[in-house]
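Report on one structure; see the data block that follows.
The values are calculated or read from the model by the stated rules, or taken from the named source; none is laboratory data. Remember, it's a predicted structure, so these values are computed and weren't measured experimentally. Cβ atoms come from the backbone with ideal geometry, glycine included; neighbour counts cover every protein chain shown. Each accessible area value is taken on the protein alone, full model and side chains, heavy atoms only, with ligands, DNA and RNA left out. Shrake-Rupley method; radii C 1.70, N 1.55, O 1.52, S 1.80 Å.
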Amino acid sequence: MAKKIKVGLIGAGRIGRVHAENIRFNIPDAEVVAVADLYSDRIKDWASNLGIKHIFGDSQKIMEDEAIDAVLICSSTDTHSALIIQAARAGKHIFCEKPIDFDLNRIQEALQAVEKAGVKLQIGFQRRFDPSFKKAYDLIGQGKIGDIRVIKITSRDPAPPSLEYIKVSGGLFLDMTIHDFDMARYLSRSEVTEVYAAGGVMVDKTIGEVGDIDTAIVTLKFANGALGVIDNSRQSLYGYDQRVEVLGSKGCILVGNDPLTHTILSTEEGFLSDKLQNFFIERYREAYIEEIKAFVDCLLNDKAPPVTGMDGLQPVLIGLAAKKSLLEGRPIPINSPSGGGLET
């Protein structure tokens, strides 16, 4: 019988449940055998329905179980780096949702623990596994549009999260735009060398009262000479807006939105199409499956993870530069990945 990867899930909130259900119904080479959650009493029925045998209130129980090959860290951001270190020391392979941490030193400590233990670490930037974005990446790699000149990314949420979430999210750039920073690096195949951010509170004044913004434009410069523009909004009344345009010396690639259906009604009054997907769980349903398939495959076949710890570090570095730029009103240079910091 082929080996099946035994997984321990830490954190059974919205995204943790998505991963566990995807493994149960779509990934036969893996099995969630244990789950740890602070509110373990509330997840018993859900876990039982998925056939998860062990339910804990303490993640240390998962770390101590020698039968568990890998952990999925889907708990709150403030626990990520510490859990990565614990898992590495316990010899577990690790899939961790973004971001690793808000603090660059703690990220470096976590990555060092992973390297020392010789375990694999994959970061949860699921958009890389979306079929449309993956095809754009492949076409760029094949030279279909020549040298990249401009990358434009639009990312707008249908509605803001709760204020309680915003207070602990790290802010717009480290919570929302961080996915766009990763997509910019992914498509450009280059590192960001300079960031300039402008933003404001245009959706909900209470977001500003807790120290964040809800609307932003970020411009990027890349090491390969390309330029980037990201626009974000916490509110898009027409749905979850996710678009990318990449201009090259030989052509252009467009990735459009994914509506609920692709049916278009045409009448004498005009054309009527369906609204957009509601939010990220629906929009990236397939991508979430594919990223865990890739993680399991790298464990079964001893491959390097497709989204590495360095891929987790760099978007945080860019996000911190964006926050600094917004505060100081000037472009912020970024050191090379080996430099690991912002220039003043």
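The string of couplings for region 245-252 from the Karplus curve (6.51, -1.76, 1.60, θ = phi - 60°) is 10, 10, 9, x, 6, 10, x, 9 Hz, one whole number per residue in order, with x for Gly and Pro.
Counting only protein heavy atoms and a probe of 1.4 Å, the accessible surface of region 45-144 is 43% carbon and sulfur. If you wrap the tightest convex hull around every Cα atom of region 142-288 and split its volume per residue, you get 146 Å³.
Among beta bridges identified by DSSP and lying wholly in the chain, the antiparallel ones come to about 55 percent. Put THR263, THR79 in order of accessible area, highest first, and with a 1.4 Å probe you get THR263, THR79.
Counting only protein heavy atoms and using a 1.4 Å probe, the accessible area of PHE102 comes to about 60 Å². Express in whole angstrom the spacing between the alpha-carbon centres of region 88-135 and region 145-175. Computed from Cα coordinates, the inter-centre distance equals 20 Å.
Scanning residues 5 or more positions from PHE125 or on other chains, none has an amide H under 5 Å from its amide H, with H placed 1.01 Å from N in the peptide plane. Once the C-beta distance of LYS53 and ALA82 is scaled by a Förster radius of 25 Å, the resulting FRET efficiency is 0.45 to the nearest 0.05. The Cα center of region 191-221 and the Cα center of region 249-272 differ in position by 29 Å.
Go through LYS98/LYS250; LYS250/LYS293; LYS116/LYS293; LYS98/LYS324 and tell me which ones have a Cα-Cα distance over 29 Å in this structure.
On the way: LYS98/LYS250 34 Å; LYS250/LYS293 34 Å; LYS116/LYS293 25 Å; LYS98/LYS324 20 Å.
The answer is LYS98/LYS250; LYS250/LYS293.
Cross-link check: pairs LYS4/LYS275; LYS221/LYS303; LYS152/LYS275 evaluated at a Cα-Cα cut-off of 28 Å; pairs beyond the cut-off: LYS4/LYS275; LYS221/LYS303.
How much net charge surrounds SER81 when only other residues with a Cβ under 11 Å from its Cβ are counted (Lys, Arg +1; Asp, Glu -1)?
Values: positive: ARG106; negative: ASP78, ASP101, ASP103, GLU109.
The answer is -3.
The reciprocal of the average 1/r between distinct C-alpha atoms defines the Kirkwood hydrodynamic radius, which for the chain equals 21.1 Å. In the elastic network of the chain, a GNM with C-alpha springs shorter than 10 Å, the most mobile of LEU300, LEU227, LEU72 is LEU300. Heavy-atom accessible area for THR261, with the other protein chains in place and a 1.4 Å probe, reaches approximately 60 Å².
Could you name the aspartates and glutamates whose alpha carbon sits less than 12 Å from that of LYS3, not counting residues in the same chain fewer than 8 places away? Partners within reach: ASP29, GLU31, ASP69, ASP297.
Summarising the amide proton neighbourhood of MET202: residues at separation of 5 or more, or on other chains, whose placed amide H is nearer than 5 Å comprise ASP214, THR215. Using θ = phi - 60° in the Karplus curve 6.51 cos²θ - 1.76 cosθ + 1.60, the 3J(HN,Hα) couplings for region 104-114 round to 5, 5, 5, 4, 4, 4, 5, 5, 5, 5, 5 Hz; x is entered for Gly and Pro. Note on exposure: MET63, MET202 ranked by accessible area (1.4 Å probe, complete protein assembly) read MET202, MET63, with the most exposed listed first. Per residue, the chain exposes an accessible area of 47 Å² to a 1.4 Å probe, with every protein chain left in place. Apolar share of the accessible surface for region 206-344: 54 percent from carbon plus sulfur atoms, 1.4 Å probe. Set the bar at 32 Å for Cα to Cα. Now go through LYS61/LYS135; LYS120/LYS323; LYS120/LYS205 and name every pair that lies beyond it. Listed pairs above 32 Å: LYS61/LYS135; LYS120/LYS205.
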